[in-house]
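Worksheet for the structure shown next.
Read-outs throughout are calculated quantities, based only on the coordinates presented, and are distinct from any laboratory measurement. All values reported here derive from a predicted model rather than from experimental measurement. Reconstructed Cβ throughout: ideal geometry from the backbone, glycine too, with neighbour counts over all protein chains shown.
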Amino acid sequence: MSQICRDLEVKLDEDLTELLRRRFPQYSSHRVLRQSVDARRSARVPHWVYSVEVFENQETPTTPTYDPAPVQWPRSQARPLIIGTGPAGLFAAIRLIERGVRPVILERGSVGEKRMLKINRFWRYGELDPDNNVCIGEGGAGLYSDGKLITRIKSPHIPYVMDRLVRFGAPEEIRWLSNPHVGSDKIRRVIPKLREFLLAQGAEIHFDTPMTELLIENRRVVGVRTRDGREWRSDHVVLATGHSAEDILRRLHEQGVAMEGKSFALGLRIEHPQESINRIQYRDAWKHPALGAANYKLTHHDSESGIGVYSFCMCPGGYVLSSGTEADALVSNGMSNYHRNSPFANAAIVVSLDHEKNFGANLFGGLDYRRQLETSAFQAVQRAGGGHALPVQRVTDFLDGRPGPALKGSSPSGAVAVRLDELLAKPLRDRLREALEIFQGKMRGFISADAQFYGMETRTSCPVRVTRDNLSLQSISHPGLYPAGEGAGYAGGITSAACDGVRIADAIAESTQSQSSPNHSSTPSASASGLAKS
């Protein structure tokens, strides 16, 4: 029988296999369940910490398949309709296909290859395509924001999500690393393979087909209308439009769909030389080749105000990206390629905003506020003559409330010095300054003349939730609508959004157990396209 060995400490230059051979006389092979690096001060010297399953007496590990049970989709029922190809939409589609249900997928943007060209033009020339940018298009925002799979949720679907990503080309180690990471370069190669799989298995994907509103009959969702006037009919509509589809949220509100304000966080993105972070975290071992680019996680909670400040989306060896979705607004985000070999490290430093305390009954108060900050950043850059560059301010200048020069940084759009401290409201500015001093105590050297802030970091999550029933996962006001993922307020990253898509797919697949074979297609209605419904 195999044995589970947890919290196994392994020196940086020590071989795990040799260590297991010494500890288990009948050792045959092993499977890594978890791997992390312990670089805490109390650890003195950084080392690996493993959890492994050890096999003895010629036993061999088998890889779980996580295959779901198939169902029969009724011949009389239109195929499920998925709006969006971010993590929630794509994993809802994968799960449905594996359960024998062929969905129809509508994507606002172009295929990833074309989307990449549009994004590169935006970074180089400032030409924004509202349907193809860092936040919108095939693959969702995660396609261009590092491919980090870190999550705080406890979901039984996490192994399934990791397994499927590996099948489509993600690195094997995401199964066991404590901070799993695909890399922006690799995840852009995973998405086309995933697309090819869906098409080969009978799914339909319609790119450049933006949804504009729901089709509603007797307060039940029966499909959607797209920008070209076509109507797509289905009794199961998965809304997976992402955290930046503000136009969709406002249109749904006009149509009476139940929604609520949601607390969220925003702030600035900080960038250091990666060598500085390595020295802080790894100390004397900072040059060890086994360690790679160091990361960090920082939090500060003010007990008196109840406000939290924390690091988010930390990108070792990464780049700061201009990630706006409107031509007159600027947003910053971060990414790393698989090898994390940029000379810079960046992370969002964000302040939590309680919706009720800050915006009261104003449903779109959070959306309006983030829009205000993004617009003010753009206007400040224009006044500074920065064109499409991102606004920056040295951290020391931010703390002292003074102007100063821009530092060399990683952003492909360039940077221009701006008084970011003056663009933030005083409560936000004060919380960030207070947290920086706390973080300096935890990581001596975090406050440095070599560190600078980028503005604005506003897309950590969506400030609105499309309210759904906890059991059926359908809208509480409009059955047939399945709000999914980050844009609907039910996820905060790639992994949690993908898991949410899996949950919704299971709810749809199990909503009917008819023995009819699935052959019914969601098609544009005859009134819109001249085609008879199948």
Cα centroid separation - the stretch 228-268 against the stretch 325-356, whole Å: 23 Å
Calculated diffusion of the stretch 3-56, Stokes-Einstein form, Kirkwood radius summed over Cα pairs, 37 °C and 0.692 mPa s, µm²/s: 285 µm²/s
At q = 0.11 Å⁻¹, base-10 log of I(q)/I(0) for the chain (Debye sum, equal scatterers on each alpha carbon): -1.00
Cut-off 15 Å between beta-carbons: net charge of the residues surrounding SER42, Lys and Arg +1, Asp and Glu -1: +2
Simple label model, 7 Å out from Cα along Cβ direction - THR512 to GLU326, nm: 4.1 nm
Set LYS148/LYS186; LYS297/LYS442; LYS11/LYS186; LYS148/LYS442; LYS118/LYS148 screened for pairs whose C-alpha atoms are more than 19 Å apart: LYS11/LYS186; LYS148/LYS442; LYS118/LYS148
Student exercise, the stretch 382-482 dipole from Lys, Arg, Asp, Glu Cβ charges, in Debye to nearest 20: 60 debye
For the stretch 364-483, diffusion coefficient by Stokes-Einstein and Kirkwood Rh (Cα), 37 °C, 0.692 mPa s, µm²/s: 197 µm²/s
Fraction of antiparallel bridges per DSSP, the stretch 263-457 only, in percent to nearest 5: 90 percent
For the chain: relative contact order, % (alpha-carbon pairs under 8 angstrom, 6 or more apart): 20 percent
Derived scalar couplings ³J(HN,Hα) [the stretch 180-196; Karplus, 6.51 cos²θ - 1.76 cosθ + 1.60; whole Hz; x for Gly, Pro]: x, 8, 8, x, 4, 5, 7, 5, 6, 8, 6, 4, x, 5, 5, 4, 4
Relative contact order [Cα under 8 Å, 6+ residues apart], the stretch 173-329, whole percent: 10 percent
Amide H partners (placed H, <5 Å) of GLN452, local residues excluded: GLU271, VAL395
Reduced Cα scattering model of the stretch 1-159, Debye log10 I(q)/I(0), q = 0.14, 0.20 Å⁻¹: -0.93, -1.18
Per-residue [θ]222 nm for the chain (sum of -39500 (n - 2.57) over DSSP H runs n ≥ 4, rounded to 500): -8500 deg cm²/dmol
Under Karplus coefficients 6.51, -1.76 and 1.60, residue-wise ³J(HN,Hα) of the stretch 87-97 in Hz, glycine/proline x: x, 5, x, 5, 6, 5, 5, 4, 5, 4, 4
Under-5 Å amide H pairs with ARG34, H placed in peptide plane, nonlocal only: SER51
Part-to-part distance (alpha-carbon centres) for the stretch 86-111 and the stretch 156-210, which is given in Å: 12 Å
Directionally averaged projected area (convex hull, Cα atoms, the stretch 471-514), nm²: 3.2 nm²
Pairwise centroid distance, computed over Cα atoms, of the stretch 405-436 with the stretch 284-299, Å: 25 Å
Mean separation of Cα contacts under 8 Å, 6 or more apart, over the residue count of the stretch 263-457: relative contact order %: 29 percent
Of the GluC sites (Glu not before Pro) in the stretch 449-512, those whose Cβ has at most 16 other Cβ within 10 Å and which sit in DSSP loop: GLU510
Debye intensity ratio in log₁₀ form over the Cα atoms of the stretch 263-457, taken at each q of 0.09 Å⁻¹: -0.32
Over the stretch 311-426: Kirkwood hydrodynamic radius from C-alpha pairwise inverse distances, Å: 15.3 Å
Highest-first arrangement of 115-122, 87-94, where packing means the average Cβ count within 10 Å: 87-94, 115-122
Computed Rg/Rh of the stretch 261-303, alpha carbon atoms with Kirkwood Rh: 1.15
Estimated D of the stretch 386-439 in µm² per second, where Rh is the Kirkwood radius over Cα pairs and Stokes-Einstein applies at 20 °C, 1.002 mPa s: 181 µm²/s
